[in-house]
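K.L.:
Provided herewith is a single structure, encoded as structure tokens, for subsequent inquiry.
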Amino acid sequence: MKMKKWLYRASLPAAIFVLAACSSTGEPTDGTVDTSDLTLEEVYNKAIERQTELKSVTANVTADQNILFDVDGETMEVLSKTEMKMDTQMEPLAFFADGTVAMESNGESMDMPLQMYMTATDGFFVHDGAANTWMKLPAEMTDEMLAQIGTQGDASQQLKQLKEYISDFTFEQSDTEYILTLNADGEKFNELVLANAGSALEGLSMDEQQMLETMSFEDAVYTLTIDKETFDTTKVDMDFVMKMEMEGQVSTIDTTSSSVFSNFNAVEPISVPKEVIEQAVDAQEIGN
């Protein structure tokens, strides 16, 4: 559970690498006819303004990971593919996620269904498919995740930190979309993650903080797609290699992910079903 929690926290800063202000207009992609004279800075301001108007959104997420790590001197490889649909509402903060994680290692494969509910009122619930049981996670984890989701709604401080990386962004446009891409070398991408970790670091133990600080990136590419008409962020793609050290062992995680956003301000109100609350077992009691 600690490892999953840390990986979640480590991935959060990537979600706020949004845009950077500059004075050039978007370079038309091949076949583009309907061009816009808006600069990157203008697109940035309109996208941020639109973000403040969002009350709810649906994300369809796919992620492929190749994880290499050492166990007793031998290198092990774990392949995983995640497919998930996630509905999020902003006020009050809540989400529902439903999907699967398919994993393969040493010729063995396993599919794990994934379901989660979280609301500020009722807490954080995860379905254990193997035991066919709902678990309620500790209150502090709920508070931490709600705080992180809330932080993503106000990216002003993180955007200020991005100003020095303007030269790393490219700005393109098609007939219907603006495309912003960050091609950062490993060192710069690592600096961005650590600079934006902020509140996540405060909640970690000393061992977890040290683990986060050993993290490094290679071949980092981040692409953001914005609708020309509405300025909704419609897609976020990430492709990077991350290395980290745990207990003297170096692990390498090669990740490719894509999040497609839709259903803007049209998600039905999210609540935890009564039967989930009634059936849920305290996660801290499992194994005791």
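Nothing in this text is a laboratory measurement; each read-out follows from the coordinates by a stated rule. Everything numeric in this text was worked out from a predicted model, so none of it was measured. Cβ: placed from backbone, ideal geometry, glycine included. Neighbour counts: every protein chain shown.
K.L.:
Per 0.36 nm of contour for each residue apart, how much would the distance between residue 274 and residue 34 grow if the chain were fully extended, relative to their Cα-Cα spacing?
P.N.:
So the chain would gain 81.4 nm between residue 274 and residue 34.
K.L.:
Another question about this same structure. Working out 0.36 nm times the residue gap between residue 245 and residue 121, then minus their Cα-Cα distance, what length gain in nm do you get to one decimal? Intermediate values should be presented prior to the final figure.
P.N.:
Details: separation 124, 0.36 × 124 = 44.64 nm, distance 3.66 nm.
Net length gain for the segment: 41.0 nm.
K.L.:
Could you please report the charge total around residue 85, scoring K, R as +1 and D, E as -1 over all other residues with beta-carbon less than 14 angstrom from its beta-carbon?
P.N.:
After counting each charged neighbour, the total is -4.
K.L.:
Could you pull out every residue, at least 5 positions away or on a different chain, whose amide H is within less than 5 Å of the one on residue 177? Hs are placed 1.01 Å off N in the peptide plane, and Pro or chain starts have none.
P.N.:
Here the answer is 228, since their amide H atoms fall under 5 Å of that of residue 177.
K.L.:
What is the sum of charges, Lys and Arg at +1 and Asp and Glu at -1, for the other residues whose Cβ falls under 12 Å from the Cβ of residue 223?
P.N.:
Details: positive: 235; negative: 172, 177, 237, 239.
Value of the local net charge: -3.
K.L.:
Calculate the FRET efficiency for residue 108 and residue 48 from the Cβ-Cβ distance with a Förster distance of 41 Å, rounded to the nearest 0.05. Write down the numbers at each step before the final one.
P.N.:
Details: r = 46 Å, r/R0 = 1.12.
Efficiency computed from Cβ-Cβ geometry: 0.35.
K.L.:
Right, here's the next one. Testing the spin-label approximation: label points 7 Å from Cα along Cα→Cβ at residue 133 and residue 214. State their distance in nm.
P.N.:
3.2
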